[in-house]
Amino acid sequence: MKALAILVAATTLLLSGCATTLRSDVTVFHEWPGDLQEKSYVFETPPPGEDTLEYRSYQNLVSGELAKLGFSQAASARDAKLSVGMQFSTIDRPVKVLSATDPWLYRPGPWGYPRWGYYPYRYRYYGFYRSPFYDPWLWGPMEFRETIQHNYERHLRVTINSLGGKKLFDVTVQNTSRSQSTPQVMPLLVQSAFSGFPGESGKARRVELELQ
């Protein structure tokens, strides 16, 4: 029974470690009519270079969130009252990171700590902790290693207008994460865009969702 309890605890810890919090900055501007009854819509046609299978898959995500809010996708513009537009982008922002290893920290004993000593910094030197008994002639100099850390900036914009051209809803979602896969992150970005629809106009807010 004790072994089983340990196994269950380890499994729970492993599963809890699989979730990552995705934080997005969401800004909404809208003049949404409170008495709007007809919510049929069509998607705006994207430029030819952007009409990809990836783009259409994200349109399906938007369509799914709109369906939860009572919208319905019409077969053609003749049967719709609204038009929905979508734009997205992913930009890789690489950052140079320099890590330092202090050989003293590898040495167990009364003055050294038996643990790893990596201290990353970006573009500038931070002070490194070092024991007062550290001797570079005895333990060796600090070791440095340069790596590139990738930060992916993602922008999602969804607009809803009347077919006559009146602007009704405009939301922008911005997120920066280490995740390279946009298809993995996009469902939560779309969900963040419609969280609390239509929301407070002209106010930016932070939306946090769990990414498995």
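Here, each number is a calculation from the coordinates, and none is a lab measurement. These numbers were taken from a predicted model, which means no experiment stands behind them. Positions of Cβ are backbone-derived with ideal geometry, glycine not excepted, and every protein chain shown enters the neighbour counts.
Each 10 Å bin from 0 upward holds the following percent of the Cα-Cα pairs of the range 28-92: 18, 48, 28, 6, 0. Over all other residues within a Cβ to Cβ distance under 13 Å of Thr176, the charged ones net out to +2, with Lys and Arg as +1 and Asp and Glu as -1.
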